[in-house]
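The values are calculated or read from the model by the stated rules, or taken from the named source; none is laboratory data. Quick caveat, the model's predicted, so the values are computed rather than measured. A quick note on method: Cβ atoms are made from the backbone with ideal geometry, for glycine too, and the neighbour counts reach across all protein chains shown.
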């Protein structure tokens, strides 16, 4: 004889969209709210694990920014495609009412494992995902959060769109990723006390991709956004590889 436990915030709801296994009840309710309010389809919304923050596709983001935002100009265009690396890119251009503008980068790798455990199959899919990521990053850069804007709209309050201090935040994340990926590492200083950062590999990697520059602080907005996306992709690929190796080691030990 079996019994069914009452639903709670941590209850998982089964689904079979793009290979994903579960949504939490909180995720399910938020997704349904966006589908019913804005006419989105279920396949246009995803979540990364148990994160409460939805991941919208390009069409959904375009619609939500139009309905909920006050951004007069948003356009995207494909960037380069690196055949050797299988890396697709896109650029999002945003202009606000006071004519301030930003250009933000988005990338995607063919073969990359997505939040729903599906794999990016080909260049066409990679370009579409890169475009969505460029728009998502651009909207964040001007302070637009679809979920927050939706809740403000329900309360009849305007959604604020303003530039946040993106440069400082991006430079901080870039430095952290540089250390995590091993491009920046600590060595004892010449005096024998304390440590200093060795940035030889770091300067080389920046100079390789952005000729004439050796510091992330020298990068223009679009270059900085591009470099950050590259570092995030490398970190994600390493994390997944390490996870696979750990799983393999555990299986072999049994």
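Quick notes
- In the set 182, 192, 178, only one residue is modelled with pLDDT of 90 or more and part of a loop (DSSP other than H, G, I, E, B); that residue is 182.
- Condition check for residue 82: under 22 Å from residue 219 (Cβ atoms) and without any contact (Cβ under 8 Å) to a residue 12 or more places away in the chain: yes
- The set of residues in the stretch 18-46 that are outside any strand (DSSP E or B), modelled with pLDDT under 90 and buried (at least 16 other Cβ atoms within 10 Å of the Cβ) contains only 20.
- Residue in the stretch 96-117 that is within 23 Å of residue 35 (Cα to Cα) and surrounded by 20 or more Cβ atoms within 10 Å (Cβ to Cβ) present: no
- The set of residues in the stretch 176-203 that are farther than 13 Å from residue 235 by Cβ and in contact (Cβ under 8 Å) with a residue 24 or more places away in the chain contains only 202.
- Subset of the stretch 197-221 [modelled with pLDDT under 85 and either buried (at least 16 other Cβ atoms within 10 Å of the Cβ) or in contact with a helix residue (DSSP H, G or I) (Cβ under 8 Å, 6 or more places away or on another chain) (or both)]: 221
- Exclusive hit being assigned to a strand (DSSP E or B) and touching a residue at least 12 places away in the same chain (Cβ under 8 Å), set 93, 115: 93
- Residue within the stretch 151-167 that is surrounded by 15 or more Cβ atoms within 10 Å (Cβ to Cβ), modelled with pLDDT of 90 or more and either out of contact with any helix residue (DSSP H, G or I) (no Cβ under 9 Å at 6 or more places or on another chain) or part of a helix (DSSP H, G or I) (or both) present: no
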